[in-house]
Amino acid sequence: MSESSNVTDISRAPEPLSRLFDRQRLAFRQREAAMPVAEREQAIQSLLDCVLDNRAELARAMREDFGGRAVEESLLELFVVIDDLRHARRHLKRWARPRRVATNWQFRPSRSELRPQPLGVVGVIGAYNYPVMTTLSPVVNALAAGNHVMMKPSELTPRTTALMRKLIGGLFDESVVAVVDGDVAVARAFSALPFDHLVFTGSTRVGRMVMQAAAANLVPVTLELGGKSPVIVGEDFDLQTAAETVVQSKLLNAGQTCVAGDYVLVPERHRDAFLAHARAAIRASYPTLVDNKDYGRLLSGNDWMRLDEWTREAESQGASVEAINPAGEVCSAENKVFPPTLVWDCPRGAKLSEEEVFGPVLPVVTYRDIEDAIAHVNAGERPLALYVLSGNKSLVRRVLERTISGGVSVNGCGYHAIQHNLPFGGVGSSGIGCYRGQAGFDRLSHLKPVLYMSPLTKASAYLRPPYGKVAAWILGFMLRNRIHREDTSV
């Protein structure tokens with residue numbers, strides 16, 4: 001597919017970013033009515049065909065951006081987008097219909113409905129860790145809702161971003177969907193545009209800046225951030241299964257996953273056994289690291305040095321740190337391979353205890369009883385995800401009732417985040433709002449309330465001045481739910 005002139009690279013474009021936005025807003029306003037459902041379905045189908053047809057090329061671009069990434073991991077990322085597209089195409093007609101809702105009994109037989117309408121121009125800022133999914137999944141919801149979209153993939157994955165620019169530019173006129181490329185300055189200007197809604201995926205630190213920029217124009221935001229997502233291993237749960245589950249979640253994409261288990265809480269008496277199973281699980285999955293196409297790289301040498309600094313700091317403060325490097329290979333900031341690392345006895349105050357790890361380092365924290373584990377979770381910021389590994393229904397219920405997190409998986413890690421009927425999003429410092437499935441469609445729509453007054457509804461006719469006895473009886477009935485004359489002489 002040849003690169004279309006509809007693709008906009010702001011760093012080279014003769015028109016400023018605001019002019020591109022104005023073009024989209026004008027195109028949206030010139031529609032006599034919302035984008036027809038059939039047109040939305042065609043847009044979704046075209047995007048679905050494009051991702052499917054170019055999946056190998058997209059996976060190759062992501063591997064090159066990371067300097068090494070398992071094809072299987074990239075295809076799993078693309079599966080999420082493809083699955084979102086299929087689900088939206090299948091359910092769009094139902095989502096877009098007006099929804100009958102109950103009318104207050106005092107106004108029957110009038111009827112009420114919620115009428116979904118597109119917001120206008122939606123901005124989407126993606127993240128580098130899953131550059132296609134974090135950009136295109138919100139776009140699916142935005143298109144399904146009938147919006148025009150400006151999307152800004154991460155500048156840290158230039159090959160993937162360039163390929164998305166090429167592919168999207170060949171599908172849509174830029175007045176409907178435009179891909180913006182550029183550096184941090186462009187991202188800053190992008191987040192300051194007066195969108196009708198802005199979706200951002202990234203760190204909590206940058207999320208604060210995006211929200212501050214959007215607030216100047218009263219732009220509503222959906223922020224998908226991160227945080228220290230805990231995994232609580234119950235006393236009853238098989239430790240080998242627990243270790244394998246946690247390791248798989250933690251080391252996917254070299255730990256660069258916002259819903260990965262950031263740290264694990266294990267019963268005090270089971271710590272050593274859990275560590276032994278975790279070592280075995282890591283060695284079984286990754287007998288080599290540097291020359292292993294299944295083991296991912298960190299995106300940048302700076303991330304490598306950050307993790308190295310944090311593990312050294314923890315060790316200097318008394319923590320035990322064990323890097324699992326079965327073949328004894330050289331792992332460095334140059335090759336961006338950071339070995340899977342277990343850390344225990346890490347003190348409070350250390351970076352590994354306070355900050356989101358976002359890498360293949362697993363702090364192991366012990367607890368005496370489940371109340372101790374719950375207290376540990378609640379002492380920190382509210383996480384994006386929380387995981388409970390236990391067959392004890394009472395224990396699971398206590399954790400669910402006593403903790404607050406964006407989402408939860410019980411006896412698994414991460415998969416709640418890709419369920420169509422479970423909204424994906426954070427709470428508090430881990431995010432604002434949600435998307436995926438109908439929740440995403442609704443988030444990027446205005447559910448306009450409409451009341452169709454019946455000519456048989458007479459209450460309002462008797463509640464006009466000059467007020468008299470009839471109004472007093474009607475008010476008494478409305479206030480008491482029984483026949484009663486209200487005293488209006490006060």
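The values are calculated or read from the model by the stated rules, or taken from the named source; none is laboratory data. Worth saying up front: this structure is predicted, and the values here are computed from it rather than measured. FYI the Cβ positions are ideal-geometry reconstructions off the backbone, even for glycines, and counts take in every protein chain you see.
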Determine whether Val122 is crowded, with 24+ Cβ neighbours inside 10 Å and either at pLDDT 95 or above or among the acidic types (Asp, Glu) (or both). yes
For Leu384, are the conditions met, namely being crowded, with 19+ Cβ neighbours inside 10 Å, in the same structural domain as Arg271 (by TED's automatic domain parsing) and out of contact with any Leu (no Cβ under 9 Å at 6 or more places or on another chain)? no
Those residues of the stretch 332-358 which are over 24 Å from Ser203 (Cβ atoms) and surrounded by 19 or more Cβ atoms within 10 Å (Cβ to Cβ), in sequence order: Leu342, Trp344
Where in the stretch 371-490 are there strands (runs of 3 or more DSSP E), lying fully within it, with 3 or more residues that are within 23 Å of Ala142 (Cβ to Cβ)? 445-452
In the stretch 260-300, anything surrounded by 17 or more Cβ atoms within 10 Å (Cβ to Cβ), farther than 30 Å from Glu371 by Cα and among the basic types (Lys, Arg) is listed as Arg297
Which ones in the stretch 327-361 are of a type in the set (D, E, K, R) and more than 21 Å from Gly67 (Cβ to Cβ)? Asp345, Arg348, Lys351, Glu354, Glu355, Glu356
Would you be able to say whether some residue in the stretch 328-350 is out of contact with any Cys (no Cβ under 8 Å at 6 or more places or on another chain), among the aliphatic types (A, V, I, L, M), free of Cβ contacts under 8 Å to residues at least 24 places away in the same chain and assigned to a loop (DSSP other than H, G, I, E, B)? no
For residues in the stretch 295-327 being within 15 Å of Gly255 (Cα to Cα), of a type in the set (A, V, I, L, M) and assigned to a loop (DSSP other than H, G, I, E, B), which is modelled with the lowest pLDDT? Leu299
